[in-house]
């Protein structure tokens, strides 16, 4: 009798184990069907929970990135395109309650070689006459480790009016390049014009220069950068040039950029520009265009004292910049 009850119990366990358990909810999955402009289009919409403002996790080559749904229809949705993160067509996407990891003001740090050229012209206004032409070349290599190498040739150019004269600056730099800050040092040469401490006369020189710079904030996001340059003049080693750069993101592929440069270098300029991403996602292969305008002055002083007649064009500045990343 005991063997019968053991057999019945074993049969019951087998039957219960074979019965299907309660259904387990599976996350809704979608696929990327298009990457265009500032959006990523997927093949699921409100009918599957992808409503405006919802979180969506996109699979990437290096892991995943969480973004927000910008807009949605019953069968498709547009997601925020993360700057600097390659998104492939066919990548898997799922709903998530996690916080967004892609932020326009704080994009990821990218590794690339960037080459940027700028050209600008100044039209004299008021009592001044003539104008000026300026050019600048910038190169920056950001390694995979937090290290950057840079080359800056400029501003270099010529001012013309009652008299013509040139301006110039060149430097190479190395820096510790973190995602949210950077500090480094430069060495180069700067054309300057300073007052001789002994005679009181102005003296022109092209001397070896060195400098320091610091960035706070993420490059390609919201940041402010300042640099100071010191050069050997008739008075010895002294400050000759300051520069300030800033960027405010306005949306995917659009930034408001501000620049100011000047000192004991015969010029002082400031500009406001709109930086546009024409091609790519921010990494290698990307192309940027920056039209800008502002104002400035170019000063050629008499060789008597610093406060004598100042001659040179001053007025409106218009320029264009183009950057390519490799």
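Just so you know, all these numbers are worked out from the coordinates, no wet-lab data involved. As the structure is a computational prediction, the values presented were derived from the model and not from experiment. Please note: Cβ atoms are built from the backbone with ideal geometry, for glycine as well, and neighbour counts cover all protein chains shown.
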Once residue 181 and residue 163 are pulled to full extension, the length gained, defined as 0.36 nm per residue separation minus their Cα-Cα distance, is 2.2 nm
Label-point gap, in nm, between residue 172 and residue 68 - each point 7 angstrom along Cα→Cβ | 4.5 nm
Helical mean residue ellipticity (222 nm; -39500 (n - 2.57) per DSSP H run of 4+; nearest 500) of the chain | -1500 deg cm²/dmol
Taking 0.36 nm per residue of separation between residue 115 and residue 279 and subtracting their Cα-Cα distance, the length gained on full extension comes to 57.6 nm
Extension gain (nm, one decimal) between residue 272 and residue 322, 0.36 nm per residue minus Cα-Cα | 16.5 nm
Any idea what angle helix 2-18 forms with the longest principal axis of the chain, computed on alpha-carbon atoms, 0 to 90 degrees, nearest 10?
-> 40 degrees
Whole-number D in µm²/s for the chain (Stokes-Einstein; Kirkwood sum over Cα pairs; 20 °C, 1.002 mPa s) = 91 µm²/s
Most to least packed among 263-270, 54-61, 142-149 [average Cβ atoms within 10 Å] | 263-270, 54-61, 142-149
D (µm²/s, integer) via Stokes-Einstein for the stretch 77-154, Kirkwood Rh across alpha-carbon pairs, 10 °C, 1.306 mPa s: value 92 µm²/s
